[in-house]
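Asks: The structure under discussion is supplied below as C-alpha cells; questions concerning it will follow.
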Ligand SMILES: [Mn+2]
C-alpha cells in the first residue's frame with residue numbers, strides 16, 4: 001500500500017465568489033499533511049493543480065465560468081487517475097464542489113463501477129436552465145447523473161458519470177431541497193438522507209449510505225462539503241448554512257464510519273473558504289476533525 005496522497009485543487013471557478021482557491025494552501029499551513037503523518041497516517045503531497053480563482057462572467061448568466069469549471073475538473077481527473085495508477089489513496093483538497101465531478105471521472109478510468117457517498121449541505125441538483133444563480137457549485141449531483149451542461153456531464157464520455165444506484169447523498173439541509181427534487185431522487189433510486197438523520201445517528205446514517213452503494217463491487221469515494229455543518233458551529237463553508245443543526249462532531253462520526261469501510265477509496269474535501277476565518281482558529285478545528293476522521 002503506497003498510502004495517501006494529497007492533491008490540492010485550488011479552484012473557486014464554480015463558486016459564488018473567490019476564496020476557496022486558497023484552501024489547499026491554508027490547510028497545508030495549518031498542518032493537514034504534517035499532522036496526519038504525526039498521527040500515523042502515511043501520506044505524501046503531490047502539490048497543487050493550477051490556481052483557478054472565481055471570475056465574473058457576464059456572458060453566461062445560466063452557466064457561469066463553465067469553461068474554467070470543465071478545465072479544472074479535467075485536471076483533477078488526470079491527477080486522480082495518475083495517483084490511482086501509482087496505487088495511492090487520493091485526498092483531494094478543493095476547491096469548490098464541482099471538483100468531485102473530475103475526481104469521479106478520474107476514478108472511472110480505472111474503476112468504471114466507482115460509487116460515491118456525497119456528504120453535503122445541499123443535494124446540488126440545480127442545472128444551468130433551472131433559473132438560479134448560474135453558479136456551478138450547486139449543480140454537481142445533477143451533472144454526475146447526466147443533466148445540465150453537456151461539456152460537464154460528458155466529462156468522461158457519454159453521460160452519466162455515475163449510475164444513480166452508485167450514489168448516496170447524506171446530510172443535506174432540508175430547507176435547501178424541494179419536494180420535486182426529493183421525488184426526482186427517489187424515482188432515480190438515489191439513496192437520500194437529510195441532516196436530521198445525521199444528527200440523530202451519524203453512524204447509522206453512514207451505514208445506510210454504505211449499504212446503498214456497496215452491493216456493487218467498485219470502490220467508494222467520499223465527498224465532504226464543509227457546508228454540511230451548521231455555520232453556527234463552524235462558519236467555514238463558502239456559502240452559509242446557519243441553523244441546520246449538524247455539528248462538527250456529527251460530521252466526524254459520519255466520516256469516520258464512511259472511511260473505515262473496506263470499499264472506501266478516496267476522500268474529497270470541498271468548500272472551505274479561508275477568508276471566512278480571521279484568526280485561523282476554525283481552520284484549525286477543521287484540520288483536527290479531518291485527523292480524527294483518518295487516524296486509525
Ligand atoms: Mn456542496
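Asks: For labels at residue 178 and residue 34 in the simple 7 Å Cα→Cβ model, what's the distance in nm?
Replies: So the label points at residue 178 and residue 34 sit 4.9 nm apart.
Asks: Neighbour counts of other C-beta atoms within 10 Å: give me 135, 291, 7, 104 arranged from fewest to most.
Replies: 291, 135, 7, 104
Asks: At 7 Å along Cα-to-Cβ for each site, give me the label-to-label distance between residue 211 and residue 249 in nm.
Replies: Computed distance between label sites residue 211 and residue 249 equals 2.6 nm.
Asks: Which residue fluctuates most in the GNM of the chain (Cα springs below 10 Å): 173, 113, 230?
Replies: 113
Asks: For the chain, modelled as a Gaussian network with Cα springs under 10 Å, which listed residue fluctuates most, 105, 63, 186?
Replies: 186
Asks: If you build a Gaussian network model of the chain, linking Cα atoms that sit under 10 Å apart, which residue out of 68, 188, 209 swings the most?
Replies: 188
Asks: Between rounded, prolate and oblate, where does region 183-296 land on the alpha carbon gyration tensor, with a ≥ b ≥ c its root eigenvalues, rounded for a/c under 1.5, else prolate if a/b exceeds b/c?
Replies: Verdict is prolate for region 183-296.
Asks: In Å and on Cα atoms, what radius of gyration and Dmax does region 129-173 show?
Replies: In order Rg, Dmax, the Cα atoms of region 129-173 give 11.1, 32 Å.
Asks: Moving to a separate point now. Only counting other Cβ atoms within 10 Å, I'd like 226, 51, 293 sorted with the fewest neighbours first.
Replies: 51, 293, 226
Asks: Here's something else I'd like to know. Once you have the Kirkwood Rh of region 1-112 from its Cα pairs, apply Stokes-Einstein at 20 °C and 1.002 mPa s and quote D in µm²/s.
Replies: 149 µm²/s
Asks: Determine the percent antiparallel among the DSSP beta bridges restricted to the chain, to the nearest 5.
Replies: If I count the DSSP bridges inside the chain, around 5 percent turn out antiparallel.
Asks: Rounded, prolate or oblate: which fits the chain, taking a ≥ b ≥ c as square roots of the Cα gyration tensor eigenvalues, rounded meaning a/c under 1.5, else prolate when a/b beats b/c?
Replies: rounded
Asks: Quick one: work out the % antiparallel among DSSP beta bridges in region 141-296, nearest 5.
Replies: Within region 141-296, antiparallel bridges account for around 10 percent of the total.
Asks: Then there's this: Could you please rank 184, 192, 136, placing first whichever residue has the fewest other Cβ atoms within 10 Å of its Cβ?
Replies: Lowest count first: 184, 192, 136.
Bear in mind these aren't lab numbers, they're just calculated from the coordinates by the rules spelled out. Here the structure is a predicted model, which is why all the values come from computation and not from measurement. Glycine also receives a Cβ, built like all others from the backbone with ideal geometry; neighbour counts cover every protein chain displayed.
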